[in-house]
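> Before I ask anything, here is the structure I am working with.
Read the figures in this text as sums done on the coordinates, not as results from a lab. Remember, it's a predicted structure, so these values are computed and weren't measured experimentally. Neighbour counts run over all protein chains shown; Cβ positions are idealised from the backbone, glycine included.
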Amino acid sequence: MEQVKKLNAILLMLTFFVGIKIPACQVINSRTVENGGTGQYNAVMVTEALLPTHTIFKPKEMYVFNEKNKLPIIVWGNGACYDSPWEHINFLNELASHGFLVIAIGTMPTETGEQVKRSSKSSKLLDAIDWAIRQNSDSKSPYYNKIDVTKIAVSGMSCGGLQALEVADDPRVTTLVVCNSGIFDNPEKGMSVLPKLSKAQLRKIHCPTLYLLGGESDIAYQNGMDDFKQINHVPVYVANMDVGHGGTYSQPHGGEFARVAANWFKWQLKDDQEAARLFVGKPSGLSEYPGWTVDKKNIP
């Protein structure tokens, strides 16, 4: 293990400081989370040499993906703007196991858990999208022609949700998922690392949007519910479970938040009509699950 860590450090130094080119998508770190998830595809968490600033969750066996079965893209911003997804690996790995390329801001967490709490910027979400699009068009990449660059989600939790909202106006984005988050009524409120967004940012959303909130005990509840109230121009769904600001991310396979998010992504990014049943209808399917309170606009 120690030799692997030393090799990874050398590869990163060569990439950043010496300028030596590393082959496309050379994996420099890899770890299996929760036996690969519960979805159709066994997932793995990796660091790619050409994107060492992010952590990638993907199906382990890439050979099953091709022009007829492509991986949609999900990019993720972390709580507290952390530059590592250490709080969310169960959740993100579970999403990947359902056939998504999930790219989280920040370096891979250590095996013992928490990572350095550096702060990140919203632009790293766009960096992740740019990288995925380049890999899809690179004939030397193992991702070549296996990524659906027309189906892109931006998402995040708490500060990461604000980061997702900040970049959601990018025309490449096809769905937005905001978790335990919402825009303050005064942009100067909150921690100094938070994106300083005004409610006017909501008018820039151009795609179907899901808010996942932790109920009234969630410190972001009022902000998130007010966002939902003000969004009237796109399909929007809000789902609350009384679990507080921490959500269910660290529960086995990401808990209920992962189940709901996975179905939203299947619907929005894969046109899965079975998954859509959780959100469409009067009442929608999710409203009939214990513990969930929901509302929606512009969704049948």
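> Over the chain, what is the percentage of antiparallel beta bridges among all DSSP beta bridges, to the nearest 5?
So the antiparallel bridges in the chain amount to around 45 percent.
> Right, next: Please state the relative contact order of the chain as a whole percent: Cα pairs under 8 Å, 6+ residues apart?
15 percent
> Could you state the number of Å between the C-alpha centres of segment 138-167 and segment 219-295?
Measuring centre to centre over Cα atoms gives 20 Å.
> Counting other Cβ atoms within 10 Å, keep those with at most 15, restrict to DSSP loop, and tell me which trypsin sites (Lys or Arg not before Pro) in segment 194-276 are left.
Hits after loop and neighbour filter: LYS196.
> Considering amide H positions built from the backbone, and no H for Pro or chain starts, which residues 5 or more places from GLU87, or on another chain, come under 5 Å of its amide H?
Amide H neighbours of GLU87: none.
> Go through 70-79, 28-37, 136-145, 205-214 and give me the packing order, highest mean Cβ count within 10 Å leading.
Sorting 70-79, 28-37, 136-145, 205-214 by mean packing, highest first, produces 70-79, 205-214, 28-37, 136-145.
> Among residues other than GLN201 whose Cβ falls under 12 Å from its Cβ, what is the net charge (Lys/Arg +1, Asp/Glu -1)?
Overall, the nearby charge balance is +1.
> How charged is the neighbourhood of PRO290? Take every other residue with its Cβ under 12 Å from the Cβ of PRO290, and add Lys/Arg as +1 and Asp/Glu as -1.
Around PRO290, the surrounding residues sum to -3.
> Debye calculation, C-alpha points only, no solvent: report log10 I(q)/I(0) for segment 148-300 at q = 0.12, 0.20, 0.21 Å⁻¹, in the same order as the q values.
Values returned for q = 0.12, 0.20, 0.21 Å⁻¹ are -0.45, -1.34, -1.48.
> Could you sort the peptides 180-188, 277-285 by per-residue average Cβ neighbour count (10 Å cutoff), highest mean leading?
My ranking of the peptides, most packed first, is 180-188, 277-285.
> How large is the dipole of segment 74-136 about the Cα centre if only Lys and Arg carry +1 and Asp and Glu carry -1, each at its Cβ, rounded to the nearest 20 debye?
So the dipole magnitude of segment 74-136 works out to roughly 220 debye.
> Here is a further query. Rank by packing, highest mean first: peptides 55-61, 94-100, with packing defined as the count of other Cβ atoms within 10 Å averaged across residues.
Top to bottom by mean Cβ count within 10 Å: 94-100, 55-61.
> Taking only DSSP H segments of four or more residues, each worth -39500 (n - 2.57), what value at 222 nm results for the chain once the sum is divided by all its residues, to the nearest 500 deg cm²/dmol?
Using -39500 (n - 2.57) per qualifying helix, the result is -7500 deg cm²/dmol.
> A further question follows. Over all directions, average the projected area of the Cα convex hull of the chain and note it in nm².
15.1 nm²
> With a sphere of radius 11 Å drawn around the Cβ of PHE91, what net charge do the other residues whose Cβ falls strictly inside it have (Lys, Arg +1; Asp, Glu -1)?
-3
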